[in-house]
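Asks: This structure is in structure tokens; I'll ask about it shortly.
The values are calculated or read from the model by the stated rules, or taken from the named source; none is laboratory data. Remember, it's a predicted structure, so these values are computed and weren't measured experimentally. We place every Cβ from the backbone using ideal geometry, glycine too, and count neighbours over all the protein chains shown.
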Amino acid sequence: MIGIFDSGLGGLTVTRAIRNRLPTADLIYLADSAYCPYGPRPAAEVRSRALACGRWLVEQGAQIVVVACNTATAAAIELLRSELPVAVVGMEPGVKPAVAASRRGKVAVMATSGTLASDRFRALVNAYAADVEVYTLACPDLVTQVENGALDDDQTRALIADYLATIPDADVIVLGCTHFPPLTPLISACAGPKVTIIDTGPAVAAQTARVAERIGLPNGSGTLRCYTTGDPQQIAPALANVWGEALPLTRVNIP
Ligand code: DGL
């Protein structure tokens, strides 16, 4: 079984990519909704939530834990790899593919403030983007919009327009937060057809598939169970919007 977690619903975008890549794997998804958003929280707090979520997934039988959250990866991936007795797959904003795709050398990264302030992000930019201009956009309101299921309303559209107005000449936009892929149609419409949008979900799924092969993950029957530390009734409509259909959601208490 593959365990996947995020602060909320964003990690479902990675779950979708994993489902496409590994259709028979059994998946368990945990939205740490009671602590969402992670972005503005101190790194130490994100680390302790990530460890609690990872441990819970292992207790449920996860043989691989996927950190479907850039913010949690930036804060906690080393800790998770040292504390969890299973393989851990993390993720980071797609700066490397963005630089490869950019013709003008102007790349924008939409992410959380936690990701953008992290040492890992600084190292990523130094390693791959030293020769290009990197614009960083912390977009906490867009996390909120997605958590509210507002994937296509006027307020979301206006927020995106305001964010993108600050980076008019970027020719590549990196979705450095797993909450943002459902907003791709709006971001793309606002940025224009010449701007390339990079989502790392498929790359994370490919890495998960490699790890599954390495550890000999047995075939399952393609199940997906969803849990939240928040209120399932409140979250269910937004979950249905992000996933594309309703899914049963169970509350779990993870102190
Ligand atoms: N989905 C998350 C990420 O990829 C975090 C959003 C948040 O909780 O602030 O960074």
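Asks: Can you confirm whether L239 is crowded, with 17+ Cβ neighbours inside 10 Å and at pLDDT 95 or above?
Replies: yes
Asks: If you take the residues in the stretch 173-206 that are under 25 Å from A25 (Cβ atoms) and polar (S, T, N, Q), which one is farthest from the ligand (Cβ to nearest atom)?
Replies: T184
Asks: Which of the residues belonging to the stretch 107-123 are farther than 12 Å from E92 by Cβ and in contact with a Pro (Cβ under 9 Å, 6 or more places away or on another chain)?
Replies: M110, T112, S113, G114
Asks: Something else about it: Going through the stretch 132-155 one residue at a time, which ones are within 23 Å of A98 (Cα to Cα) and within 17 Å of the chain's Cα centre (by Cα)?
Replies: If the condition is that a residue be within 23 Å of A98 (Cα to Cα) and within 17 Å of the chain's Cα centre (by Cα), then T136, L137, A138, C139, P140, L142, V143 are the ones that fit.
Asks: Turning to a different aspect of this structure: Starting from residues that are surrounded by 24 or more Cβ atoms within 10 Å (Cβ to Cβ) and not β-branched (V, I, T), keep the ones in the stretch 92-107 and report whichever is nearest to the ligand (Cβ to nearest atom).
Replies: P93
Asks: Right, here's the next one. Tally the residues that are surrounded by 20 or more Cβ atoms within 10 Å (Cβ to Cβ) and charged (D, E, K, R), restricting the search to the stretch 27-46.
Replies: Number satisfying all stated conditions: 2.
Asks: Moving to a separate point now. Which one is farthest from the ligand (Cβ to nearest atom) among residues in the stretch 31-52 that are of a type in the set (A, V, I, L, M, F, W, C) and either under 15 Å from the mean Cα position of the chain (by Cα) or under 16 Å from D119 (Cβ atoms) (or both)?
Replies: The extreme case among them is A44.
Asks: Among (1) more than 26 Å from C139 (Cβ to Cβ); (2) of a type in the set (D, E, K, R); (3) out of contact with any Ser or Thr (no Cβ under 7 Å at 6 or more places or on another chain), which single condition is D162 missing?
Replies: Evaluating D162 over (1) more than 26 Å from C139 (Cβ to Cβ); (2) of a type in the set (D, E, K, R); (3) out of contact with any Ser or Thr (no Cβ under 7 Å at 6 or more places or on another chain) leaves (1) as the failure.
Asks: Test T136 against the stated conditions and say whether it is part of a strand (DSSP E or B) and either β-branched (V, I, T) or within 13 Å of the ligand (Cβ to nearest atom) (or both).
Replies: Yes, satisfied.
Asks: Give the residue that is farthest from D231 (Cα to Cα), with candidates limited to residues of the stretch 115-133 that are part of a loop (DSSP other than H, G, I, E, B) and away from the ligand (no atom under 16 Å from the Cβ).
Replies: Applying the filter and picking the extreme gives D131.
Asks: Just one of A43, A108 is in contact (Cβ under 8 Å) with a residue 24 or more places away in the chain and either in contact with a helix residue (DSSP H, G or I) (Cβ under 7 Å, 6 or more places away or on another chain) or basic (K, R) (or both); which is it?
Replies: Going through A43, A108 in turn, just one is in contact (Cβ under 8 Å) with a residue 24 or more places away in the chain and either in contact with a helix residue (DSSP H, G or I) (Cβ under 7 Å, 6 or more places away or on another chain) or basic (K, R) (or both): A43.
Asks: Look at the stretch 215-231 and say how many of its residues are over 17 Å from S33 (Cβ atoms) and aromatic (F, W, Y).
Replies: Count: 0.
Asks: Here are the criteria: (1) over 15 Å from V95 (Cβ atoms); (2) away from the ligand (no atom under 16 Å from the Cβ). Tell me which single one A150 does not satisfy.
Replies: The number of the failed condition is (2).
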